[in-house]
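Structure first, commentary second.
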Amino acid sequence: MSSSISAQSRRGRRSAAAAVALAALAGLVASGIAAAQPAAAESRDRALQSRLESMVKAGHAPGVLASVRDRKGHITNYTAGVGNLRTKAKVPVDGYVRIASNTKMYTAVVVLQLVGEGRIGLDTPVEEYLPGLVRGKGIDGRKITIRQLLQHTSLLPNYDLLPNGILQDRHTFREDHDLLQSGLTTEERPDPGVKFSYSNTNYILAGLVVQKVTGRPIGEEITNRIIRRVGLRHTYWPGEGDQTVRGAHPRGYVTDPATDKLVDITELDPSMAGAAGRLVATPSDVNRFMVALQDGRLLKAPQLAEMRKSVPAENDLLPGWRYGLGAFQIPLSCGGSAWGHGGDMDGYQSRTGVTADGRAVTIVLTRDELTSLEALNDPLAALDAALCAGKPSRR
C-alpha cells in the first residue's frame, strides 16, 4: 500500500460508494440493459465470460472472477484479466477475496437465529441490550429497534463518513465500540425524511448486541453458527491484526490520487469493517451460503419470512429496489427478483444474488472504485444476465 494514498481520499471513495450503494446493486435495472438470453448452456458461458473480459478491457479492474451455481447445484467458475499487475499472474480460479458488506447478510442471520431462540426481540429497543450506549446528537437507543438496525431504517449516521483521517487502513480496532463511537459523533446525518438510509453503524451495533446476548464476539458466532454449520470451508473471519488474505487470491487495487496509477492495497486491517464487512470468502462459498440461507438450513421459516419483509430502497436510479433484514431484494430483467447484497472495500468490489429456484451468482472485481456509470452498471448487468440465464426475458 502506497503511503501517498491518504485515508481521507480512500474514505471519500468509500463514502461515495456508500452514497450509491443501492445504485451499485441496482445499476443493471437503471441502465436498461437486458440480460443476454442465449439458447444453449455453452453460449451462456461464453456470454458471461465475454462480459467479464469486457470489464477488464474497459479498465474497471485488473481482474474479475465469478462463480455461478445452477439450479441443480453445479458450479462453474470464471476469471478474466490478471490477478497481479506486477507478476502478470492469472486470476486464481475461485480465489479468496474480501467480501465487505456481503458480511451484513451473515450478521443478520446470526441476529435472526437468536430471535428464533427467544434471546433477541426484533422490535425491542437497542437500549434493552446496550443500555446507555447509543447516545448522541439526535440519537437515542431507546427509540431504535433491532429491526431498524438490520433494515437500515434507524437513521444512524454512517461511521465511514468521518473527517480528519480518523479511520486508518492499518489501524486495528480492538473493540467495535471504537467504530460505534466514531459513528455516533460524526456530524454527517441522513435526511430525517428518508425512511431507508444505508449505514454501516447499524451493523456495528447489531454485532455488539450479539456479543452482549451470547457473551462471544460476532466473528465467533458467525463462525460457529454459519461457517461450520453449513460447511463453508473457504470462508473465514480474519483475526485481530490479520492484514493478509489467506490462500490463493487476486491482489486488490486502488488508484493513487497523486499519480493516477493503480497500486496494490491487498494488505489492510479489516477490523475497520467489523460486523458490517470483515469476512473473507471465495465466490463459490458466498453462493453456497446464499443457497443454504434460502433452503432453510440457517433460519427457520418464521425468521426467514422476517428477513424478507422489505422496505422501499429506491430513488430515481433504483426503481423497484427494496431492502429486507440484511439483504436486498433485486428486480431482474427477466421478471421476478433475487436476494443478495454487494460489498465494497479498498481493492475489492463484489455483487451477489440468488433466485428462488436456487441459481446463485457472485461476481468480484479487484478494484473498488466507481469511476463511471459504466463501471457501476457493467458488473450488475453481468449479475442480472447470469441470474436470468435460461429464463425468457420480459423486456
The stretch 143-170 - residue that is modelled with pLDDT of 90 or more and of a type in the set (K, R) and, of those, surrounded by the fewest Cβ atoms within 10 Å (Cβ to Cβ): K143
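Yes/no per residue for (1) basic (K, R); (2) in contact (Cβ under 8 Å) with a residue 24 or more places away in the chain; (3) open to solvent by less than 50 Å² (accessible area, probe 1.4 Å):
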{"residue": "P62", "(1), (2), (3)": "no, yes, yes"}
{"residue": "R71", "(1), (2), (3)": "yes, yes, no"}
{"residue": "H74", "(1), (2), (3)": "no, no, no"}
{"residue": "V91", "(1), (2), (3)": "no, yes, yes"}
{"residue": "D94", "(1), (2), (3)": "no, yes, yes"}
{"residue": "R98", "(1), (2), (3)": "yes, yes, yes"}
Report the residue count in the stretch 194-207 for those that are at pLDDT below 90 and either among the aromatic types (F, W, Y) or in a helix (DSSP H, G or I) (or both). 0
May I ask you to verify whether S310 is in contact with a Lys or Arg (Cβ under 6 Å, 6 or more places away or on another chain) and under 21 Å from N202 (Cα atoms)? yes
In the list D140, D191, which residue meets the criterion of being open to solvent by 20 Å² or more (accessible area, probe 1.4 Å) and modelled with pLDDT under 60? D191
Tell me whether the stretch 361-373 contains one or more residues that are of a type in the set (G, A, S) and touching a residue at least 40 places away in the same chain (Cβ under 8 Å). no
Of P257, P238, P270, P250, which residue is in contact with a Ser or Thr (Cβ under 7 Å, 6 or more places away or on another chain) and either under 19 Å from F289 (Cα atoms) or crowded, with 19+ Cβ neighbours inside 10 Å (or both)? P250
Evaluate the following for T352: is it within 21 Å of D94 (Cβ to Cβ) and either surrounded by fewer than 22 Cβ atoms within 10 Å (Cβ to Cβ) or of a type in the set (V, I, T) (or both)? yes
Do we have any residue at all in the stretch 314-328 that's of a type in the set (S, T, N, Q) and open to solvent by less than 10 Å² (accessible area, probe 1.4 Å)? no
Scan of the stretch 248-302 for residues that are free of Cβ contacts under 8 Å to residues at least 24 places away in the same chain and either more than 27 Å from G358 (Cβ to Cβ) or touching a Pro at 6+ places or on another chain (Cβ under 7 Å) (or both), ordered by number: D260, K261
Give the residues of the stretch 107-137 that are part of a loop (DSSP other than H, G, I, E, B) and surrounded by 21 or more Cβ atoms within 10 Å (Cβ to Cβ), sorted by residue number. I120, Y129, V134
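Conditions tested, residue by residue: (1) surrounded by 24 or more Cβ atoms within 10 Å (Cβ to Cβ); (2) more than 21 Å from the chain's Cα centre (by Cα); (3) not in a loop (DSSP other than H, G, I, E, B).
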residue: G231; (1), (2), (3): no, no, no
residue: T244; (1), (2), (3): no, no, no
residue: L262; (1), (2), (3): no, yes, yes
residue: M290; (1), (2), (3): yes, no, yes
residue: L304; (1), (2), (3): no, no, yes
Residue in the stretch 77-86 that is at negative phi, modelled with pLDDT under 95 and small (G, A, S) present: no
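The values are calculated or read from the model by the stated rules, or taken from the named source; none is laboratory data. Being a predicted model, the structure only gives us computed values, none of them experimental. Quick reminder, even Gly has a Cβ in these numbers, built from the backbone with ideal geometry, and neighbours come from all protein chains shown. Calculation scope for accessible area: heavy atoms of the full protein, side chains included, ligands and nucleic acids excluded. Shrake-Rupley method; radii C 1.70, N 1.55, O 1.52, S 1.80 Å.
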